[in-house]
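Novice: The structure under discussion is supplied below as structure tokens; questions concerning it will follow.
The values are calculated or read from the model by the stated rules, or taken from the named source; none is laboratory data. All figures in this text were calculated on a predicted structure; none of them were measured in a lab. Glycine gets a Cβ as well: all are built from the backbone with ideal geometry, and neighbour counts include every protein chain shown.
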Amino acid sequence: MKKHLILIILKLQVLIILLPFSGFNQISPLQKGFKAYSIKHAEDTIDFFIYNPKNLDKKNLFIHISGSWPAPLWIETDPCCVTADPFSYNLIPEDYAYVVISKYKFPFSEKEDFNIPDGYWKKNTLDFRVNRTNEVIKYIQQNLFKPEKIVLVGTSQGTDVAAKLATLNKDVTHLGFWAGGGLPQLMEFILFARKEAIAGKITEKEATDKIDSLLVQFEKMFADPSPDKMWDENSYLSYVSFSEPPVENLLKLDIPIFVAIGTKDENVAIENSYIIPVQFIRHQKKNLTFRHYPNYDHSFYEKLPNGEEMDRFDDVTKEFISWLEKK
């Protein structure tokens, strides 16, 4: 499933911007309207960036927690340039400080042939990402301003991070959970094998054989959750650490939650997301807004009957902002 991740991100979730110059120039945060901050530790430097090109005072915080793709925030291409951040910054209300956080040891920008930093897979765990984001919130509260609202929006793997962080940091006021499932990530492989069988792409025997093989692989990973062993372009350690069912963390929350998923998501089976509203109904919790968008994929591109694709990420963002202003 994840073997297509980079292609999917580049094709569907990436914003390409042409600048007045060409060539592989290094991209600075200031060029993109961001101010850079760093939290330095002996074994980690957390680099985060606040979008504020007009230098306005802020009263609220909006943090985007990105997915699993190990990459810099911007990639230096010719013509310039590519980012994995799908948000249109002009849609974020000006009283919100929009924040993005670099992945471990990644700079703000790098060339297309970038390498994954040494030690990255050792750090790419759920708790590590949760703790880094939590530190950014505390730094902003203690050193920059005290937000009235703290909004987390996790996309893809970032949904796991956002859901768990919201249970730990009681200052978080709103949660966006976009393109994520309620069950452990490993369930996706099984669900997609079943979907292939139902669609007639493989036989029932082939599906059961495939699932048996997956279960053996999962056992191997849990028996030895090593950052040095890889499977389907991710480490054993990462898979094991991200095996907590996000729905369990979501159910612990009483803050407003906005779940968004596309019915044609090719990374997260829509069936995996329906467990969320079902469990909220079961527990009689009323703080969930659940949106399932017909024919939207993992990056909220709508697949039209004529084969064309329409980018609907901004539409989801606008709906979320409208929801946010009412909560």
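Novice: Condition (residue is outside any loop (DSSP other than H, G, I, E, B), modelled with pLDDT of 95 or more and among the polar types (S, T, N, Q)) applied to region 16-37: is it met by at least one residue?
Specialist: No, region 16-37 contains no residue that is outside any loop (DSSP other than H, G, I, E, B), modelled with pLDDT of 95 or more and among the polar types (S, T, N, Q).
Novice: Report the residue count in region 132-148 for those that are buried (at least 16 other Cβ atoms within 10 Å of the Cβ) and either without any contact (Cβ under 8 Å) to a residue 60 or more places away in the chain or over 20 Å from the mean Cα position of the chain (by Cα) (or both).
Specialist: So the count comes out to 3.
Novice: With respect to the numbered conditions (1) over 16 Å from the mean Cα position of the chain (by Cα); (2) within 16 Å of Leu186 (Cα to Cα); (3) outside the structural domain of Trp178 (by TED's automatic domain parsing), which one is the sole condition not fulfilled by Asn234?
Specialist: (1)
Novice: Here is a further query. Within region 307-326, how many residues are among the basic types (Lys, Arg) and buried (at least 16 other Cβ atoms within 10 Å of the Cβ)?
Specialist: If we filter region 307-326 for residues that are among the basic types (Lys, Arg), which is where we start, we get 312, 318, 326.
After this cut, where a residue has to be buried (at least 16 other Cβ atoms within 10 Å of the Cβ) as well, the list is 312.
The total comes to 1.
Novice: Check whether at least one residue in region 277-294 is more than 26 Å from Ala97 (Cα to Cα), in contact with a Pro (Cβ under 8 Å, 6 or more places away or on another chain) and either at pLDDT below 95 or surrounded by fewer than 19 Cβ atoms within 10 Å (Cβ to Cβ) (or both), and report yes or no.
Specialist: At the first step, the residues of region 277-294 found to be more than 26 Å from Ala97 (Cα to Cα) are 277-286, 292-294.
Then keep just the ones that are in contact with a Pro (Cβ under 8 Å, 6 or more places away or on another chain); that gives none.
No, region 277-294 has no match at all.
Novice: Taking the stated definitions as given, is Ala193 buried (at least 19 other Cβ atoms within 10 Å of the Cβ) and over 16 Å from the mean Cα position of the chain (by Cα)? Break it down into steps so the answer makes sense when it comes.
Specialist: Values: buried (at least 19 other Cβ atoms within 10 Å of the Cβ): yes; over 16 Å from the mean Cα position of the chain (by Cα): yes.
It is true that Ala193 is buried (at least 19 other Cβ atoms within 10 Å of the Cβ) and over 16 Å from the mean Cα position of the chain (by Cα).
Novice: Something else: Within region 47-66, can one find any residue that is free of Cβ contacts under 8 Å to residues at least 24 places away in the same chain and either buried (at least 18 other Cβ atoms within 10 Å of the Cβ) or at negative phi (or both)? Explain how you work it out, then say what you get.
Specialist: As a first pass, look at region 47-66 and keep what is free of Cβ contacts under 8 Å to residues at least 24 places away in the same chain: 53, 55.
Now narrow it down to the ones that are either buried (at least 18 other Cβ atoms within 10 Å of the Cβ) or at negative phi (or both): 53.
There is at least one residue in region 47-66 that is free of Cβ contacts under 8 Å to residues at least 24 places away in the same chain and either buried (at least 18 other Cβ atoms within 10 Å of the Cβ) or at negative phi (or both).
Novice: Take Glu94 and decide whether it is surrounded by fewer than 21 Cβ atoms within 10 Å (Cβ to Cβ), farther than 16 Å from Trp69 by Cα and more than 17 Å from the chain's Cα centre (by Cα).
Specialist: On the way: surrounded by fewer than 21 Cβ atoms within 10 Å (Cβ to Cβ): yes; farther than 16 Å from Trp69 by Cα: yes; more than 17 Å from the chain's Cα centre (by Cα): yes.
So Glu94 passes the test.
For (1) out of contact with any strand residue (DSSP E or B) (no Cβ under 6 Å at 6 or more places or on another chain); (2) surrounded by fewer than 17 Cβ atoms within 10 Å (Cβ to Cβ); (3) in contact (Cβ under 8 Å) with a residue 24 or more places away in the chain; (4) of a type in the set (A, V, I, L, M), each residue gets a yes or a no:
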site: Ala207; (1), (2), (3), (4): yes, no, no, yes
site: Ser213; (1), (2), (3), (4): yes, yes, no, no
site: Met221; (1), (2), (3), (4): yes, no, no, yes
site: Asn234; (1), (2), (3), (4): yes, no, yes, no
site: Leu237; (1), (2), (3), (4): yes, no, yes, yes
site: Val240; (1), (2), (3), (4): yes, no, no, yes
site: Pro246; (1), (2), (3), (4): yes, no, yes, no
site: Ile261; (1), (2), (3), (4): no, no, yes, yes
site: Asn267; (1), (2), (3), (4): yes, no, yes, no
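Novice: Condition first: among the acidic types (Asp, Glu) and touching a strand residue (DSSP E or B) at 6+ places or on another chain (Cβ under 9 Å). Can you find one or more residues in region 42-56 that meet it? It would help to see each step written out before you state the result.
Specialist: Within region 42-56, the subset among the acidic types (Asp, Glu) is 43-44, 47.
Subsequent filtering for residues that are touching a strand residue (DSSP E or B) at 6+ places or on another chain (Cβ under 9 Å) retains 47.
There is at least one residue in region 42-56 that is among the acidic types (Asp, Glu) and touching a strand residue (DSSP E or B) at 6+ places or on another chain (Cβ under 9 Å).
Novice: Any residue at all in region 299-306 that is surrounded by 19 or more Cβ atoms within 10 Å (Cβ to Cβ), modelled with pLDDT of 95 or more and in a loop (DSSP other than H, G, I, E, B)? Give the derivation first.
Specialist: Initial filter on region 299-306 (surrounded by 19 or more Cβ atoms within 10 Å (Cβ to Cβ)): 299-301.
Adding the requirement that they be modelled with pLDDT of 95 or more leaves 299-301.
From what's left, in a loop (DSSP other than H, G, I, E, B): 299-300.
Yes - at least one qualifying residue is present in region 299-306.
Novice: In addition: I'd like to know if region 241-258 contains one or more residues that are more than 26 Å from Lys318 (Cα to Cα), in a loop (DSSP other than H, G, I, E, B), under 23 Å from the mean Cα position of the chain (by Cα) and aromatic (Phe, Trp, Tyr).
Specialist: Yes, that holds for at least one residue.
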